[in-house]
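*Asks:* For reference, the structure I am asking about is given below.
The values are calculated or read from the model by the stated rules, or taken from the named source; none is laboratory data. Just so we're clear, the structure is a prediction, and the values are computed from it rather than from any experiment. Reconstructed Cβ throughout: ideal geometry from the backbone, glycine too, with neighbour counts over all protein chains shown. These accessible areas exclude ligands, DNA and RNA; they are computed on the full protein's heavy atoms, side chains included. Shrake-Rupley method; radii C 1.70, N 1.55, O 1.52, S 1.80 Å.
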Amino acid sequence: DASSEAVDEHKDKLLDGLLSAGFDEMSCLSRYQSVLYRRPSPHKPSSYLQSRLRKYEDLHKQCGPYTESYNKTVEKLKSGHHLWTLYSGPTECNYIVWITSSGLGNRLLTVASAFLYALLTNRVLLVDRGKDMGDLFCEPFPEMSWLLPLDFPLNQFNKFKRRSPESYGNMLKRNAISNTMNSLPPFLYLHLNHDYDDQDKRFLCDQDQSLLQKISWLITRSNEYFVPSLFLISSFEQELSNLFPSKVTIFHHLGRYLFHPSNAVWGLITRYYEAYLANADERVGIQIRTFEHGTPPFQHVMDQIVACFLKEKILPKVDPSQEPILTAFGNRKSKAVLITSLHSGYFDKIRNIYWEKPTVTGETIGVYQPIHEELQQTENNFHDRKAWAEMYLLSLTDVLITSSWSTFGYVAQSFAGLKPWILYRPENHTTPDPPCHLLAKTRIDNGALVPHIRHCEDVSVGLKLVEVGKF
């Protein structure tokens, strides 16, 4: 019963043509079984995106690890010939290598960003496996791995940083590279982390893209979702529009295409879902991440969470008289509340609210928290397995409350295709009023130049994509 033969015939296991058929289903149960646990997406991928994904899969099969084309380009790196003439012509296959960096949420967002860049530039994406990428995710492309081979000659990635001599920004500062030179390096490092400077940001200029197209290997490190910045590159504009007529769906589609939980993680997800969430009439996710000094739980954060779900009628109030509502057992509505947090204190308090007193509506409220690790443990294999399972479980809920500044919550709501209620970030240990918001207008810039880009509500320096007229 583990195969997708159990999937209802009315369920579209290929997600409206987003996924390719023909995978070995037992090797990745989640790829085609996710439709059993998730509502159909209201966002349909464009036919053009479907066709481009199939073309990319063909390219990846032709140029992936240990293919003849891959071996040729790697031999040039290993040979010690560090300069290739412009007149030698383009190589058959060009690559972008993603270097693992930061926490799991950041990694998913940046892999998706690198993959979109690969689609736009006809490159092949290869992923640095770090300590656990191969353990967390199934292979997304048919017949060929996306994991960078361990014998890749430039695999000492810890040396690539903002001030690395191989970085594009530093080469520009030294006048060591330009479009008019007769020779170019075989690879470049693109530093796209939050601390990148103006020279690093030249990556976003059209004239620089024409130069980068001549480099066979681009190595990139990022801890930011840089998809909105790709809209600043005018030569990509039409292709982006063809791929994604609805700009706000980019990570929703790319995330569901790329990131399928491995069988080990899928087991964590499905066992928990079926034990605690499956039988509820409605599932509510509450993702709590605080950035405050001290020992949680913080009372002002607890007050904020409760104020949010009561004010917005996400969860019912309780009856202080403790008089039970006389409702026939079979007619009671139930809600399952899934809490994710590094700490258990918020779970204990919310669970006690609905255990100690009845709800005024007669609904039964079950409160659950899969894990509480106390500290984030980046690239700890078992910690990341559980974090990925929690992130995915959140995306299976019907209503979602997330924390500001948290990529964990960003990923969950994007997979779900939901607009979450976002908890405002507290200041001075004070509960914000209002405690949360669904969508808010914020200051606008670049509107005349790039109409789809706006500042994020929860991080004023951050950028996001919006539909014109709907921000």
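*Asks:* Which condition number does Leu184 fail, the rest of (1) within 28 Å of Leu53 (Cα to Cα); (2) open to solvent by less than 10 Å² (accessible area, probe 1.4 Å); (3) of a type outside the set (Gly, Ala, Ser) being met?
*Replies:* (1)
*Asks:* Now for a separate question. If I filter the stretch 200-214 for residues that are assigned to a loop (DSSP other than H, G, I, E, B) and without any contact (Cβ under 8 Å) to a residue 12 or more places away in the chain, do I get at least one hit? Full working, then the answer.
*Replies:* Filtering the stretch 200-214 down to residues assigned to a loop (DSSP other than H, G, I, E, B) leaves 205, 213-214.
When the remaining residues are screened for being without any contact (Cβ under 8 Å) to a residue 12 or more places away in the chain, the result is none.
No, every residue in the stretch 200-214 fails to be assigned to a loop (DSSP other than H, G, I, E, B) and without any contact (Cβ under 8 Å) to a residue 12 or more places away in the chain.
*Asks:* Taking the stretch 261-278 as the search range and keeping residues that are open to solvent by 10 Å² or more (accessible area, probe 1.4 Å) and in contact with a strand residue (DSSP E or B) (Cβ under 7 Å, 6 or more places away or on another chain), which one is farthest from Cys28 (Cα to Cα)?
*Replies:* Tyr276
*Asks:* Within the stretch 230-260, can you find the residues that are in contact with a helix residue (DSSP H, G or I) (Cβ under 8 Å, 6 or more places away or on another chain), open to solvent by 20 Å² or more (accessible area, probe 1.4 Å) and outside any helix (DSSP H, G or I)?
*Replies:* Of everything in the stretch 230-260, those that are in contact with a helix residue (DSSP H, G or I) (Cβ under 8 Å, 6 or more places away or on another chain), open to solvent by 20 Å² or more (accessible area, probe 1.4 Å) and outside any helix (DSSP H, G or I) turn out to be Phe231, Leu232.
*Asks:* Now, a different point. State yes or no: is Met144 modelled with pLDDT of 95 or more and either open to solvent by 20 Å² or more (accessible area, probe 1.4 Å) or not β-branched (Val, Ile, Thr) (or both)?
*Replies:* It is true that Met144 is modelled with pLDDT of 95 or more and either open to solvent by 20 Å² or more (accessible area, probe 1.4 Å) or not β-branched (Val, Ile, Thr) (or both).
*Asks:* Let me ask another. Please verify whether the stretch 428-437 includes one or more residues that are assigned by the TED database to the domain that holds Arg289, closer than 24 Å to Pro45 by Cβ, part of a loop (DSSP other than H, G, I, E, B) and at pLDDT 80 or above.
*Replies:* No: the stretch 428-437 contains no residue that is assigned by the TED database to the domain that holds Arg289, closer than 24 Å to Pro45 by Cβ, part of a loop (DSSP other than H, G, I, E, B) and at pLDDT 80 or above.
*Asks:* Could you run through the stretch 158-188 and say how many residues are at pLDDT below 85 and outside any strand (DSSP E or B)?
*Replies:* Here the count works out to 4.
*Asks:* Name the residue, out of Tyr392, Tyr424, Tyr368, Tyr410, that is within 19 Å of the chain's Cα centre (by Cα) and open to solvent by 60 Å² or more (accessible area, probe 1.4 Å).
*Replies:* None of the other options fit; the residue is Tyr410.
*Asks:* What tally of residues in the stretch 279-301 results from selecting those that are part of a helix (DSSP H, G or I), in contact (Cβ under 8 Å) with a residue 12 or more places away in the chain and either surrounded by fewer than 19 Cβ atoms within 10 Å (Cβ to Cβ) or not aliphatic (A, V, I, L, M) (or both)?
*Replies:* Of the residues in the stretch 279-301, 1 are part of a helix (DSSP H, G or I), in contact (Cβ under 8 Å) with a residue 12 or more places away in the chain and either surrounded by fewer than 19 Cβ atoms within 10 Å (Cβ to Cβ) or not aliphatic (A, V, I, L, M) (or both).
*Asks:* Residues that are surrounded by 14 or more Cβ atoms within 10 Å (Cβ to Cβ) and within 30 Å of Leu125 (Cβ to Cβ): does the stretch 322-334 have at least one?
*Replies:* In the first step, residues of the stretch 322-334 are kept if they are surrounded by 14 or more Cβ atoms within 10 Å (Cβ to Cβ); the result is 327, 332-333.
Subset that is within 30 Å of Leu125 (Cβ to Cβ): none.
No: zero hits.
*Asks:* Conditions: (1) over 17 Å from the mean Cα position of the chain (by Cα); (2) at pLDDT below 95; (3) more than 24 Å from His43 (Cβ to Cβ). Asp384 meets all but one. Number of the miss?
*Replies:* (1)
*Asks:* Mind checking which residues of the stretch 193-229 are open to solvent by less than 10 Å² (accessible area, probe 1.4 Å), within 25 Å of Arg129 (Cα to Cα) and among the hydrophobic types (A, V, I, L, M, F, W, C)?
*Replies:* The answer is Phe203, Leu212, Ile215, Trp217, Leu218, Ile219, Val227.
*Asks:* Could you please let me know if Thr397 is polar (S, T, N, Q) and part of a loop (DSSP other than H, G, I, E, B)?
*Replies:* In short, yes.
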